[in-house]
Amino acid sequence: RLLLLFLQLILFAITATADIMDASFPLETLEGHHEYESPLVKRYATKEMSRVWSPAMKFSTWRKLWLALATAEKELGIEISDEQLEEMKAQLYNIDFEFAAQKEKEFRHDVMGHVHAFGEVAPAAMPIIHLGATSCYVGDNTDIILIREALHLVKRKLVQTLDVLKAFAEKYKDLPTLGFTHFQPAQLTTVGKRATLWMQDLLLDLERVQFGIDN
């Protein structure tokens, strides 16, 4: 019976998450926390990809998952009020990162730091935030959500690149050039035909990205 209850909770959480989760945050909120920071990000990442992995995205997603969890638990009969859910919903983007860092240092736990930061601005909901969950609930599920968002961004850029290459291949379909095999000159081909081979590789990449999004 415990296993059945657990499976019901997962099902309700998935359903609630579908209604609540929008893997983004308002750009006018959480100022100063919109970019993921690392030397490689500063050097290579686009603003869009940096935003996907930013603290603002990560921790607002934690809060959305906690709201989805509490909503599912209420539907299963746990004593959670509409007032508590509304308070959580109203404070999704009101994150005090300094307070969370203080609490993380105090508890030596990142999730507990943000549980208390959420509870600080949603005091009525504090007793039911993260109720019955483990750190993996917010940590692992957020990673999956952000990976999906990142794949959507990669997919969009792949499609745009294929569109550019299509026009390039059409334009130069009759322009002759040497083919190569084993790093040696081979028979004649065209620049446009060569571009279609690049496109074929990118199409395989696009299929793999779509598989990741769907699964």
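The values are calculated or read from the model by the stated rules, or taken from the named source; none is laboratory data. Everything numeric here is computed off the predicted structure, so don't read it as measured data. So basically every Cβ, Gly included, is an ideal-geometry build from the backbone, and we count neighbours across all protein chains shown. In case anyone asks, the SASA skips ligands and DNA or RNA and just uses the protein heavy atoms, side chains included. Shrake-Rupley method; radii C 1.70, N 1.55, O 1.52, S 1.80 Å.
The long axis of helix 110-121 is offset from the longest Cα principal axis of the chain by roughly 60 degrees.
Name the residue farthest towards the positive end of the dipole of segment 88-194 from the options Ile129, Gln160, Val111, assuming +1 on Cβ of Lys and Arg, -1 on Cβ of Asp and Glu, about the Cα centre. The residue sitting farthest along the positive end of the dipole is Gln160. For the chain, a crude dipole built from +1 on the beta carbon of Lys and Arg and -1 on the beta carbon of Asp and Glu, taken about the Cα centre, is about 1200 debye to the nearest 20.
Using only side-chain charges placed at the Cβ, +1 for Lys and Arg and -1 for Asp and Glu, the dipole size of segment 23-119 relative to its Cα centre rounds to 580 debye.
Remark: the Glu48-Phe183 segment gains 44.9 nm on full extension, using 0.36 nm per residue and subtracting the alpha carbon distance.
For the cross-link pairs Lys58/Lys157; Lys74/Lys103; Lys74/Lys157; Lys47/Lys173, the ones whose C-alpha atoms lie over 32 Å apart are Lys74/Lys157; Lys47/Lys173.
Please give me, ordered by residue number, the trypsin sites (Lys or Arg not before Pro) of segment 77-153 that lie in loop per DSSP and have at most 14 other Cβ atoms within 10 Å. Passing sites in segment 77-153 are Arg108. On the beta carbon distance between Arg148 and Asp82, with R0 = 22 Å, the FRET formula returns roughly 0.15.
Pairwise alpha-carbon distances in segment 139-215 exceed 18 Å for 55% of all pairs.
Solvent exposure of the chain, expressed per residue, is 64 Å² of accessible area, with all protein chains present and a 1.4 angstrom probe. Taking label points 7 Å from Cα along the Cα-to-Cβ direction, Asp201 and Lys171 give a separation of 2.0 nm. Along the axis of the charge dipole computed for segment 25-75 (Cβ charges of +1 for Lys and Arg, -1 for Asp and Glu, origin at the Cα centre), the listed residues Thr61, Ser50, His34 are led at the positive end by Ser50.
For segment 175-191, backbone phi angles converted through the Karplus equation (6.51, -1.76, 1.60; θ = phi - 60°) give residue-by-residue couplings of 8, x, 7, 6, x, 9, 9, 6, 6, 10, x, 10, 6, 5, 9, 10, 4 Hz, Gly and Pro being listed as x. Compute a Gaussian network model of the chain, connecting alpha carbons closer than 10 Å, and tell me which residue from Ile128, Ile95, Ile144 fluctuates the most. Answer for the Gaussian network model of the chain: Ile144. For helix 97-107, report the angle its Cα long axis makes with the longest principal axis of the Cα atoms of the chain; keep it between 0 and 90° and round to the nearest 10°. Between helix and principal axis, roughly 60 degrees. Near Ser54, the amide H atoms lying under 5 Å from its own belong to Tyr36; only residues 5 or more places off or on other chains count, and H is placed 1.01 Å from N. For the chain, the relative contact order is 16 percent, taking Cα pairs closer than 8 Å that sit 6 or more residues apart in sequence and dividing their mean separation by the residue count. Maximal additional length on extending the Ala90-Phe211 stretch stands at 40.1 nm, based on 0.36 nm per residue less the C-alpha distance.
May I ask for the angle, rounded to the nearest 10°, between helix 55-75 and the longest principal axis of the chain, with both axes built from Cα atoms and the value confined to 0 to 90°? Result, in degrees: 50. The H on the amide N of Thr190, modeled in the peptide plane, is under 5 Å from the matching H of Thr177, each at least 5 residues off or on a different chain.
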